[in-house]
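Q: First the structure, then my questions, so here it is.
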Amino acid sequence: MAVCPKCGTQVPNTSKFCTECGFPMNVPDPTPAPAPAPAPSYSAPVYTPSPAPEAPKPARSGRGKAILLISLAVLLLAGATVGVLFLTGVLGGNKDYDRAMDLYKSGNYAEAADLFEQVGDYKDSAEMANTCRYQQAVAAFNQENYTEAMRLFQGLGSYKDSADWVEKCEQRIDYDRAVTLYNQGDYEAAAEIFEALGDYKDSADRAEQCRKKLFNPVGTYHLVGIKIDGEDYSDYISMLGYESYEIVFNEDGTGRLSGDGSNVKFKWDGNIMDDGSDRIPFTCENDMITFETSGVEMTFARGAAPASSGSPTTASAPSGTYVGYYYGKVFSTVTFYADGSFTEKMEGESETWHGTWVIEGNQITSTYSDGSHDYYTWDPVNDTLDWKGEGEIIYKHP
């Protein structure tokens, strides 16, 4: 059975048309196929193809050579850059930076700062260098090395609060200088510095102490100058019979003016002498007492007494207050009174010692109320006392 190619119906092999749809079945092509060509009676020549022509090679131009050289240069530059980065620590770390960090963490700020500055702009080296210098300056301040601290803070410029620290250093340097001047008895210079410091620490109280010291008349003075109705008669003190005049100011606020057989007692407070009938103002400056009464101006010098010739000479005994210095620091303060008594106050102690004193030649013996003794060698030219004659503690007028 054949199958109709159009409808798929099975049709007998002998049917020329599909019994269902009438489509022709196995209709032969009416055009006969051409007869095959007869075989040639000769042998065809064998064809051997010639080889293909070789493609021309491009000529080497200068441009290609330049590109090659540029490529090599880029590779070399990249290699050099990597090498530099390794050498400077950008790649692979930086040993100096790491060592500087270790020094910083261990508190060696000066060495760490030096290393960070050497490292340059690697990472945060510049910032770390400033941090180290700052910590170094703070440490110097805490160690009371204020001059070095101020130098370091000044070098930091506007970093953090360095400017405020510079001011603190300046104040502390001035304060310490004023304290030294005070201990050396230069109360005027010390007072000026303390007053300039204002409310820094206890500067105001210190300034007041200096001013009180400047006006401390305690001691014995002898007449060295006299003016009567404005005319100077100082060269005639001995001729006028005034060479024996002396004035004594005691620490307890009492005093006396004696001379020419008279002995006037008074009380003093501040710069006023009060003898019960008159209140007389006086000045105390540079170991000199000056006052005026009834048209007579009199000037007394601490410890000085006129000789018979009328020229001033040193007193025959120490008088007034002396401050003892031991290697630049105050040791104690001693006041010798004309009545043969004395008081002494040790620096840093509140207790005041009392006793009596005598002098033989230039040797002074002080006897305390408990029976103990102290010894001084008096230098009448400079009016100073050498405690025990050893030269370690020298007493002089404040």
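The values are calculated or read from the model by the stated rules, or taken from the named source; none is laboratory data. This one's a predicted model, so the numbers in the text were calculated from it and none came from an experiment. Cβ placement follows ideal geometry from the backbone for every residue including glycine, while neighbour counts extend to all protein chains displayed.
Q: Could you check the range 341-360 and list, in sequence order, the residues that are in contact (Cβ under 8 Å) with a residue 12 or more places away in the chain, of a type outside the set (A, V, I, L, M, F, W, C) and part of a strand (DSSP E or B)?
A: Filtering the range 341-360 down to residues in contact (Cβ under 8 Å) with a residue 12 or more places away in the chain leaves 341-347, 353-359.
Within this subset, residues satisfying the condition of being of a type outside the set (A, V, I, L, M, F, W, C) are 341, 343-345, 347, 354-356.
Residues satisfying the conditions are Ser341, Thr343, Glu344, Lys345, His354, Gly355, Thr356.
Q: Moving to a separate point now. Please find, within the range 175-230, the residue that is nearest to the chain's Cα centre (by Cα) out of those that are free of Cβ contacts under 8 Å to residues at least 24 places away in the same chain and under 23 Å from Lys267 (Cα atoms).
A: Restricting to residues being free of Cβ contacts under 8 Å to residues at least 24 places away in the same chain and under 23 Å from Lys267 (Cα atoms), the top hit is Glu208.
Q: Only one of (1) assigned to a strand (DSSP E or B); (2) surrounded by 12 or more Cβ atoms within 10 Å (Cβ to Cβ); (3) of a type outside the set (Phe, Trp, Tyr); (4) touching a strand residue (DSSP E or B) at 6+ places or on another chain (Cβ under 8 Å) is not met by Asn263, so which one is it?
A: (2)
Q: Next question. Please indicate, with yes or no, whether at least one residue in the range 161-178 is modelled with pLDDT of 95 or more, assigned to a helix (DSSP H, G or I), among the aliphatic types (A, V, I, L, M) and buried (at least 18 other Cβ atoms within 10 Å of the Cβ).
A: Scanning the range 161-178 turns up at least one residue that is modelled with pLDDT of 95 or more, assigned to a helix (DSSP H, G or I), among the aliphatic types (A, V, I, L, M) and buried (at least 18 other Cβ atoms within 10 Å of the Cβ).
Q: Looking only at residues that are at pLDDT below 90 and of a type in the set (S, T, N, Q) in the range 273-292, which one is surrounded by the most Cβ atoms within 10 Å (Cβ to Cβ)? First the steps, then the outcome.
A: Keep residues of the range 273-292 that are at pLDDT below 90, which gives 283-288.
Then keep just the ones that are of a type in the set (S, T, N, Q); that gives 283, 286.
Numbers: Thr283: 13, Asn286: 9.
Checked the range 273-292; the qualifying residue surrounded by the most Cβ atoms within 10 Å (Cβ to Cβ) is Thr283.
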